[in-house]
Amino acid sequence: MSDSELDPSIAALLAKRESLNADASVTEKMASEEESVSPARTNDVDLSVKAFEPVTKFFEDTSSGIFDDTSYYKTSLTGEGQFAQRVHTVLSKYLTCKDPKDKTVYRQQLVTAYWDLAGSIAPKMADLSTPLAKRMLLRFGILLPSLFTQEQKELFSKIIMENTTGEPVYYLDEWFKEITSGRIKISMTDETRPAHKATGAEGATAEQQRLMELQSKNSGKLQSSESQVKIKETERAMLESELRSRIDQLMEHLPITGFEPHRMPYSEGQRKLFGEIGERLHSLSKNDKELTLCLKEFQEAKKSYDSVEDKLRGGPAVIEVNKTDLNTEITTVRQMAKMTIGRQGNQFPIFSREFYHCLPKGTGFRENIISLLAWVESIDPGAFCRIHKNVPYRIVPYVLLIPTYGDFGFCWEPFDRYNRITSRGRIVIPMYPRDLTISVLRAVADLRWQVAKEKASYYWMEEGITGQYYQWIDSQKLKGDLKSFFVEDYILWMTKEASGVQRLDKEVRSIFWRFMPFPQSLKEELKKRSLVYAELCQKDMNRAMSDGY
């Protein structure tokens, strides 16, 4: 798009900005740093990690200068054909329009034009040569830097561009890059793909996709079986340590005074060790049988995993999704964006000081989100845990950050349909909400509800937290969306009840206390504040004593 094609109003806006040209070497360095982050660190689930690493750095010390580039606007639109021209035309009319009614029409037109443009840019995210301006357009919705205030420009210029945390938290441009390269599968939809017989290259790609789905399922079995082996090995080590300690005590004999070198017979305490040693030997025998079975399952899972892995290695080095799947994901992301906003929210897709009213710590930047997720986990330790064979697995979901002026975080998928054991779920969080903490809590509550419901399956209205909560809602004759009630109560649970402020119904508090318990240290603190929490702690003790907890 040449300078002559720019609308005079936009050209004037561009001219008003400070002409601090961005250093090309800086932007190239940022792109290379972003690409150097290994996706395996974030996409693979590491069951040994038990908590988030504390975030110590939220912003860079110096400005990147990307939004001071006078050619930013043109770079964003260049090469996008009719989609860029459409956005350019509608945006020009919107910025210069004085009539409120006409401006509303242009705003609506701009929503459609923007998402068409985003769909055109998205497939280019896997290309290292794609300009940063296009990435920032998807990441933050920034098309025209003159729509910043000076403070906002400085803030966004100091954002940490690359993911140095190792957590699966993605900006929209990074999400499309992972989707396009095949490292993350497209999001699940209600629509079923039409079955057809593929041939040639398409058939090879379809076979690779099938193998990847099978490998995902095998990965869950492999990680689960290996975890069971580690548990049984740890149990064996503890039993052996206890057995060795008791045998050492049994072998201690004091000399008989006056009859040296003869020694005393077993004492009364040592004779009691005979029974304890027998119990430990019995436990070791049981443990050995269980360990043998676990090892067999692990070896079979490893064999299946390696077999599929060998087939995958024989295929293309990088599995790229086909155009239809990518278009499906773009459509899905647009639907996600609408859901973060709600029916009556602000659908305006482009960053503007007119609508952005967040504080730096209240904006959905990656580091802020990770910090909030760590806070959630400190109060609700089971927030990201999934139980399999009575073993909790900590699995942080994929977190997609979408640049919308919405307030509703939510869960899109509780887990991969092919790997229900150790796969990541998917939650979506708006970047410019009125209250970022509440948006994150909504997403976590939705994730918790869906995981519990899927686990209970057909019995979700009878078992677990979903069953208990459903029965309470039903007894109260409340009408409305059950999950919405749960989400709102979860927010009160985390923001009020965790601080000792009683806002929930007695029955709901009891359900949450049982199925989403606070850490023991917080329980002890709450017990001192109110008799209500002291009674709940007493119920915990009673359940533990009756072995019914």
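Placing unit charges on C-beta atoms (Lys and Arg positive, Asp and Glu negative, everything else neutral), compute the dipole magnitude of the chain about its Cα centre in debye, rounded to 20.
1260 debye
Select from SER371, THR189, LEU117 the residue farthest towards the positive end of the dipole of the chain; place +1 on Cβ of Lys and Arg, -1 on Cβ of Asp and Glu, and compute about the Cα centre.
About the Cα centre, the residue reaching furthest to the positive side is THR189.
For a quick check of your reading of the filter: which trypsin sites (Lys or Arg not before Pro) in segment 434-509 sit in a DSSP loop and have no more than 11 other Cβ atoms within 10 Å?
For trypsin sites (Lys or Arg not before Pro) across segment 434-509 that sit outside H, G, I, E and B with at most 11 neighbouring Cβ atoms in 10 Å, the list reads LYS477, LYS479.
Cross-link partners among lysines for LYS103, C-alpha distance below 21 Å, same-chain residues fewer than 8 apart left out?
Within the straight-line cut-off, LYS103 pairs with LYS93, LYS338.
How much of the DSSP bridge set in the chain is antiparallel, in percent, rounded to the nearest 5?
Antiparallel bridges make up about 60 percent of those DSSP assigns within the chain.
In whole Hz, what ³J(HN,Hα) sequence does segment 435-447 give by Karplus (6.51, -1.76, 1.60; θ = phi - 60°), x for Gly and Pro?
With the stated coefficients, segment 435-447 comes to 9, 5, 4, 5, 4, 5, 5, 4, 5, 5, 4, 4, 4 Hz.
Heavy-atom accessible area of MET251 with all protein chains present, probe 1.4 Å, nearest 10 Å²?
Estimated to the nearest 10 Å², MET251 gives 130 Å².
Please give the calculated 222 nm ellipticity per residue for the chain, where each DSSP H segment of at least 4 residues contributes -39500 (n - 2.57) and the sum is spread over every residue; nearest 500 deg cm²/dmol? Write down the numbers at each step before the final one.
Numbers: 19 runs with 310 residues, N = 549.
Result for the chain, helices only: -19000 deg cm²/dmol.
Distance cut-off 29 Å, Cα to Cα: go down the list LYS50/LYS124; LYS124/LYS185; LYS50/LYS496; LYS158/LYS496 and report the pairs above it.
LYS50/LYS124; LYS158/LYS496
For LYS296, which aspartates and glutamates qualify as cross-link partners when the Cα separation must be under 15 Å and same-chain residues fewer than eight apart are set aside?
Within the straight-line cut-off, LYS296 pairs with GLU226, GLU233, ASP288.
How do TRP412, TRP375 stack up against each other in accessible area, from largest to smallest, with a 1.4 angstrom probe?
Working: TRP412 55, TRP375 85 Å².
Largest accessible area first, the list is TRP375, TRP412.
Using the Karplus equation 6.51 cos²θ - 1.76 cosθ + 1.60 (θ = phi - 60°), what ³J(HN,Hα) coupling, rounded to whole Hz, does each residue of segment 104-111 give in order, writing x for Gly and Pro?
3J(HN,Hα) across segment 104-111, in whole Hz: 5, 5, 5, 4, 5, 5, 5, 4.
With a 10 Å radius around each residue's Cβ, average the other Cβ atoms per peptide and rank 269-282, 336-349, highest first.
Going from most to least packed, we get 336-349, 269-282.
Under 5 Å between amide hydrogens, which residues at least 5 positions from GLN347 or on another chain qualify, with H placed 1.01 Å from N in the peptide plane?
Under 5 Å from the amide H of GLN347: no residue qualifies.
Just name one of SER64, THR75, HIS88: the one whose Cα is farthest towards the positive end of the charge dipole of segment 41-92 (beta-carbon charges, Lys/Arg +1, Asp/Glu -1).
Farthest towards the positive pole: HIS88.
How do TYR459, TYR490, TYR418 rank by accessible surface area computed with a 1.4 Å probe, from largest to smallest?
TYR459, TYR418, TYR490
Going down the table (LYS323/LYS361; LYS232/LYS302; LYS303/LYS453; LYS323/LYS389), which pairs top 29 Å between alpha carbons? Intermediate results must be reported in sequence, preceding the final value.
On the way: LYS323/LYS361 37 Å; LYS232/LYS302 18 Å; LYS303/LYS453 32 Å; LYS323/LYS389 40 Å.
Result: LYS323/LYS361; LYS303/LYS453; LYS323/LYS389 exceed 29 Å.
Is segment 265-371 rounded, prolate or oblate when judged by the Cα gyration tensor, a ≥ b ≥ c being the square roots of its eigenvalues, rounded requiring a/c under 1.5 and prolate requiring a/b larger than b/c?
Verdict is oblate for segment 265-371.
What order do LEU482, LEU143 take when sorted by accessible area (1.4 Å probe), most exposed first?
Result of the area sort, largest leading: LEU482, LEU143.
Quick one: 3J(HN,Hα) in Hz for segment 272-284, Karplus 6.51/-1.76/1.60 with θ = phi - 60°, rounded, Gly and Pro as x.
5, 5, 4, x, 5, 5, x, 5, 5, 5, 5, 5, 5
Which percent of Cα pairs goes in each bin when the distances of the chain are cut into 20 angstrom slices starting at zero?
For the chain, the pair-distance distribution reads 17, 44, 28, 8, 2, 0.
Based on the mean of other beta carbon atoms within 10 Å per residue, what is the order of 383-389, 363-369, most packed first?
363-369, 383-389
The values are calculated or read from the model by the stated rules, or taken from the named source; none is laboratory data. Everything numeric in this text was worked out from a predicted model, so none of it was measured. Cβ atoms come from the backbone with ideal geometry, glycine included; neighbour counts cover every protein chain shown. Ligands, DNA and RNA are excluded from the accessible area calculation, which covers all protein heavy atoms including side chains. Shrake-Rupley method; radii C 1.70, N 1.55, O 1.52, S 1.80 Å.
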